[in-house]
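For reference, the structure discussed in these notes is given below.
The values are calculated or read from the model by the stated rules, or taken from the named source; none is laboratory data. Note that this is a predicted model, so its numbers are computed, not measured. Cβ: placed from backbone, ideal geometry, glycine included. Neighbour counts: every protein chain shown.
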Amino acid sequence: MKALLQRVRGARVEVDGEVVGAIDQGLLVLVGVEPQDSEASADKLLHRLLNYRVFSDEVGKMNLSLKDVGGGLLLVSQFTLAADTQSGLRPSFSTAAPPAQGAALFDHLLALARAQHAPVASGRFGADMQVHLVNDEPVTFLLEV
C-alpha cells in the first residue's frame with residue numbers, strides 16, 4: 001500500500017457538491033492499493049499513520065504523532081498512487097489493485113482506523129471526489145508498506 005500523507009489545518013472531500021468527509025487539524029491521506037497488498041498491509045499502514053511523528057513539539061521539532069495531538073484523519077482512496085510511471089508519457093494502471101480488492105482493503109483500513117482513533121473521516125471509494133485542503137507548512141510524505 002502507498003499513502004501520501006499531508007499535514008493539514010483542515011480538509012474536506014465533496015461528492016456532487018455534498019461534503020462526505022471533513023477534518024480540522026490532522027492528516028489527509030491519499031491511499032493507493034496494489035495487487036500484493038493484504039489486510040496485514042492495511043494494519044501496518046494504519047499503525048504508521050497514527051504514530052508517524054510529523055507534528056511539531058514545543059521547540060518546533062517534528063516529534064509528535066497524530067495520536068499525540070489528537071488530530072483528525074481523513075482517508076481518501078486514490079488508485080492513481082499505484083500507477084506505473086517509470087516510462088513513457090502516460091501512466092499505466094496495471095500495477096493498481098482491481099477495484100474489488102481496492103475497495104475491500106480501503107474499507108478494512110477505514111474500519112480499523114475508526115476503531116482505533118477519532119475523529120476519522122473518508123471520501124467515497126470510486127466516486128468523483130473534490131478534495132479541498134489547507135496544507136500546514138506544507139508537510140507531505142509518501143509511505144509505502
Practice prompt. May I ask you to verify whether residue 82 is more than 16 Å from residue 28 (Cβ to Cβ), in contact with a Pro (Cβ under 6 Å, 6 or more places away or on another chain) and surrounded by 16 or more Cβ atoms within 10 Å (Cβ to Cβ)?
Written response: no
Worksheet item: Within the group 5, 46, which residue is in contact with a strand residue (DSSP E or B) (Cβ under 7 Å, 6 or more places away or on another chain), at pLDDT 95 or above and buried (at least 17 other Cβ atoms within 10 Å of the Cβ)?
Response: 5
Response to the item:
Within the range 21-34, residues over 8 Å from the mean Cα position of the chain (by Cα) and either closer than 14 Å to residue 10 by Cα or modelled with pLDDT under 95 (or both) come out as 21, 22, 23, 24, 25, 26
Fill in: Wholly within the range 44-145, strands (runs of 3 or more DSSP E) carrying at least 2 residues that are without any contact (Cβ under 8 Å) to a residue 24 or more places away in the chain and not small (Gly, Ala, Ser)
62-64
Worksheet item: Only one of (1) assigned to a strand (DSSP E or B); (2) surrounded by 14 or more Cβ atoms within 10 Å (Cβ to Cβ); (3) not aromatic (Phe, Trp, Tyr) is not met by residue 41, so which one is it?
Response: (1)
Discussion item. Whether any residue in the range 57-66 is at pLDDT 95 or above, hydroxyl-bearing (Ser, Thr, Tyr) and surrounded by 21 or more Cβ atoms within 10 Å (Cβ to Cβ) is what I want to check.
Written reply: no
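For residue 25, state whether it is in contact (Cβ under 8 Å) with a residue 24 or more places away in the chain and polar (S, T, N, Q).
yes
Which of the following residues is surrounded by fewer than 16 Cβ atoms within 10 Å (Cβ to Cβ) and in contact with a Leu (Cβ under 6 Å, 6 or more places away or on another chain): 112, 142, 133, 74?
Result of the check over 112, 142, 133, 74: 142.
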Practice prompt. Take residue 97 and decide whether it is touching a Pro at 6+ places or on another chain (Cβ under 7 Å), farther than 27 Å from residue 136 by Cβ and either at pLDDT 95 or above or buried (at least 20 other Cβ atoms within 10 Å of the Cβ) (or both).
Written response: yes
